[in-house]
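Report on one structure; see the data block that follows.
The values are calculated or read from the model by the stated rules, or taken from the named source; none is laboratory data. Not measured: the values here are computed from a predicted model. All Cβ positions, even for glycine, are placed from backbone atoms using ideal geometry, and neighbour counts span all protein chains on display.
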Amino acid sequence: MEFLSQKERIKILKTWDIYELSIDDQIVKVFEKVRDIRFGSIGSRNPMDIYKSNKGTCSGKHFLLRELYKGIELKTKDMICMQRWKDLIWFPTGRYEIVNFSEDLKYMLKQNEIIDFHNYIKILVNGKWIQIDVTIDKPLKKLGFFTTENWDGKSDMPLCFCGTNKIWDCKDNGMEEKRKLVSQLPEHIRTARHQFLQLMTKWIDTLRENGEI
């Protein structure tokens, strides 16, 4: 599924002063520009909505990233891995800090098993599929979230969220696959997931507005 026309892709790349760069620089700069879009739910996964609002969650940000890489004629594919939000608090790995969620969010994670499906993409560079994750913008590192900086444009990067070994290669159909996977969750988990995303977005937005991140 394609969301943007080639004309729309090129217009965004030109607006961001990326279109005239070398291919190596384009790969890195597209990543950096989409990564730095604010993380948070706007109720849409459409990449143009993400671009215009300068805000989005993992799915919308990666659909935009994928479209812009198509704009510079790279092959891409949508990827999804299963994710548990509580892993960001109780099961940090070596490269993850414990996320300093608000007390309300911590309480929700203690009371509920909130399963989610994390979108990211892969691009084909020099005959190799490279893993990319733009979910988290840099200011959120202050809260313990993980993001990649100083990427070389040629290497796999770690995922922003701890994923499990359940991974789906969705080709160009990440949006429909995400909808299907979420719809298969039990109703109480879908409800908890929605409430958690809304509360987390409000919490992050308040911190941004107050100049704390």
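Tabulated values for the structure
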read-out	value
Selection count where residues are touching a helix residue (DSSP H, G or I) at 6+ places or on another chain (Cβ under 7 Å) and at pLDDT below 90, scope the stretch 162-172	1
Residues of the stretch 149-191 classified as outside any loop (DSSP other than H, G, I, E, B) and not β-branched (Val, Ile, Thr), total	19
Subset of the stretch 21-77 that is of a type in the set (Phe, Trp, Tyr) and assigned to a helix (DSSP H, G or I) - its residue that is surrounded by the most Cβ atoms within 10 Å (Cβ to Cβ)	Phe63
For Ile213: the one exception among (1) over 19 Å from Asn46 (Cα atoms); (2) touching a strand residue (DSSP E or B) at 6+ places or on another chain (Cβ under 8 Å); (3) part of a loop (DSSP other than H, G, I, E, B); (4) in contact (Cβ under 8 Å) with a residue 40 or more places away in the chain	(2)
Options Ile80, Ile50; residue that is in contact with an Asp or Glu (Cβ under 8 Å, 6 or more places away or on another chain), aliphatic (A, V, I, L, M) and either under 20 Å from Gly163 (Cβ atoms) or at pLDDT 95 or above (or both)	Ile80
Close pairs from the stretch 171-185: first farther than 14 Å from Ile114 by Cα, partner assigned to a strand (DSSP E or B) and hydroxyl-bearing (Ser, Thr, Tyr), Cβ under 9 Å, at least 6 apart	Asp172/Thr76
Some residue of the stretch 111-134 being in contact with a helix residue (DSSP H, G or I) (Cβ under 8 Å, 6 or more places away or on another chain), crowded, with 17+ Cβ neighbours inside 10 Å, part of a helix (DSSP H, G or I) and modelled with pLDDT under 95	no
Pick from the stretch 151-194, criterion small (Gly, Ala, Ser) and under 16 Å from the mean Cα position of the chain (by Cα), ranking: surrounded by the fewest Cβ atoms within 10 Å (Cβ to Cβ)	Gly163
Search result, residues across the stretch 1-20 that are part of a loop (DSSP other than H, G, I, E, B) and among the hydrophobic types (A, V, I, L, M, F, W, C)	Met1, Phe3, Leu4, Trp16, Ile18
Any chance Asp133 is within 18 Å of Ser59 (Cβ to Cβ), touching a residue at least 24 places away in the same chain (Cβ under 8 Å) and out of contact with any Cys (no Cβ under 8 Å at 6 or more places or on another chain)	no
Meets criteria (aromatic (Phe, Trp, Tyr) and over 20 Å from Glu32 (Cβ atoms)) for Trp151	no
